[in-house]
Amino acid sequence: MNAGNHRRRPSGEPGPRHAGVAGAGGNFAPRKRPAGGVKSAGGDGTVADWLAALDRRAELRARAGLTRTLRPRAADDAVVDLAGNDYLGLATHPEVTAAAAEALSAYGLGATGSRLVRGSTDAHHALEDDLAGWLGVDRALVFSSGYLANLAAVRGLTQPRTLLVSDAHNHASLIDGCRISGAETLVTPHADVAAVAAALAAAPGRPAVVVTESVFSVDGDLAPLAELHAVARRHGALLLVDDAHALGVTGPAGAGGVAAAGLAGAPDVVVTATLSKALGGAGGVVAGPAEFVRHLVETGRTFIFDTAPPPAVVAGVRAAVRLARTGDALRAELADRVAAAVRRLGAAGLSVSAPDGAVISVTAPGPQDATAWAAACREHGVAVGCFRPPSTPDSRSRLRLTVSAGVDRAGFDRALDVIVECAP
Ligand SMILES: Cc1ncc(COP(=O)(O)O)c(C=O)c1O
């Protein structure tokens, strides 16, 4: 088990993914101030020194095969998409875009304010009611991203002396939630229920929260949610589950991993999710007991001090929720494609994860190979995710394939051939 005393690293620098999770009271260390003169924001030298230091760090990342570049996507882009998260193809569904267009003309472009000021439209409240009904919880609260929802949820669950027990494969937003909460965080090996039990047993009488994803974002495997809940309950701890990659994809009526594990509405479980994956939109949600949602409305910094998500997006997501709830046929098609991909890539001798949702990880020999592999796929008209440290929970580089029921089937099958043919 990792005792959570990892060092903090600048974002994008090579290093372990869970690095920087604070130990007891682990807050940001104040930066040393340079003495006198026109000094840079980056340390003890001048602005020129600072920029040169940034260049040197970029050079180090390049040598390690960790350069990251932005690539603009055209609206009529013909690439077969195995990199996005539009699992059900709802981002472009006519009912979704029509609902968004209607709200766009009705409300205008932005929400015009934070939720507690002018940003809380009837569209936001209707979406929250629909999400609460779908997830089987008391209340749901919409944020402008899943990242901000996770920051608020982790921090909101933390009280004095709280111990956070966080899975080693957790997403950066959960890790950052642990960091900004200031609570002691124990990082347990991935999906290791015994390690979670041991961590809780070693902290008797302390408030504790077990923090996990459901379907993990890198390898696509499912956390042992029922077992984690049983252990948490035995020790009087709460369970926080980020259902980002399961909502719309698994569970009864697509209600996600928590519902699939029979935990919907449990008073000691809090669920978060993004609205940007299977729902094809943007935003995030925290769902759970009414008392906790009220606590976030009144104290959640990433809720209070953030402009509300645009009403048009919210209305589009609401239409997507309707379609996802009744989307069993889409989910069956998705599962069929995931199985076909695992079969095809496995038969070609590639090392493929055993996915529980629509995320498939294919191991690459190293970061440079992963980059070259993804680039070759792109040249052949196929977009795949390329995950390298520090975006991976271990030192392994991967192609990450995210399967969508919305992609043309013939194109999808051809894309699998391309991935095999371009393998290093
Ligand atoms: C597991 C997980 N949680 C949270 C997020 C953040 O959600 P959002 O993109 O809406 O900020 C992501 C990725 O986007 C994710 O993969």
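Ligands, DNA and RNA aside, Ile180 has an accessible area near 70 Å² when probed at 1.4 Å. Quick check on segment 40-110: take the gyration tensor over C-alpha atoms, sort the square-rooted eigenvalues as a ≥ b ≥ c, and tell me if it's rounded (a/c under 1.5), prolate or oblate. Oblate, since a/c reaches 1.5 and b/c is not below a/b.
Rounded, prolate or oblate: which one fits segment 268-313, using the alpha carbon gyration tensor with axes a ≥ b ≥ c (rounded when a/c is under 1.5, else prolate when a/b beats b/c, else oblate)? Cα axes put segment 268-313 in the oblate bin. Stokes-Einstein diffusion coefficient for the chain at 25 °C in a medium of 0.890 mPa s, Rh from the Kirkwood formula over Cα pairs: what value in µm²/s? Estimated via Stokes-Einstein, D reaches 109 µm²/s.
Counting DSSP beta bridges with both partners in the chain, what percentage is antiparallel, nearest 5?
The antiparallel fraction comes to roughly 50 percent.
Of the residues Leu104, Leu330, Leu239, ranked by 1.4 Å probe accessible area with the largest first, the sequence reads Leu104, Leu330, Leu239.
Of all complete DSSP H helices in the chain, those with a Cα span along the helix axis of 27 Å or greater and a mean Kyte-Doolittle hydropathy of -1.0 or more are 328-347. Here each label is just a point 7 Å from Cα along the line to Cβ, and for Glu102 and Thr299 those points are 3.9 nm apart.
Once you have a ≥ b ≥ c as the square roots of the Cα gyration tensor eigenvalues for segment 308-424, tell me rounded if a/c is under 1.5, and otherwise prolate or oblate according to whether a/b is larger than b/c.
Prolate, since a/c reaches 1.5 and a/b exceeds b/c.
Considering only protein heavy atoms and a probe of 1.4 Å, how much of the accessible area of the chain is carbon and sulfur, as a whole percent?
With neighbouring chains kept in place, the figure for the chain is 55 percent.
One quarter of the convex hull surface built on the alpha carbon atoms of segment 203-310 amounts to 7.8 nm², the projected area averaged over directions.
The order of Arg344, Arg71 by accessible area, most exposed first and with a 1.4 Å probe, is Arg71, Arg344. A full extension of the chain between Asp55 and Val79 corresponds to an added length of 5.4 nm, given 0.36 nm per residue minus the alpha carbon distance.
Here is how the number arises for the chain: DSSP H runs of 4 or more residues each give -39500 (n - 2.57), the sum is divided by the residue count, and the result at 222 nm is -12000 deg cm²/dmol. Probing with 1.4 Å while keeping every protein chain in the model, the per residue accessible area of segment 54-101 equals 68 Å².
At 1.4 Å probe size, with every protein chain present, just tell me what the per residue accessible area of segment 185-296 comes to in Å².
Accessible area per residue, segment 185-296: 29 Å².
Accessible surface for segment 299-424, divided over its residues, is 40 Å² per residue with a 1.4 Å probe.
The values are calculated or read from the model by the stated rules, or taken from the named source; none is laboratory data. Because the structure is a prediction, the values reported are computed rather than measured. We place every Cβ from the backbone using ideal geometry, glycine too, and count neighbours over all the protein chains shown. In case anyone asks, the SASA skips ligands and DNA or RNA and just uses the protein heavy atoms, side chains included. Shrake-Rupley method; radii C 1.70, N 1.55, O 1.52, S 1.80 Å.
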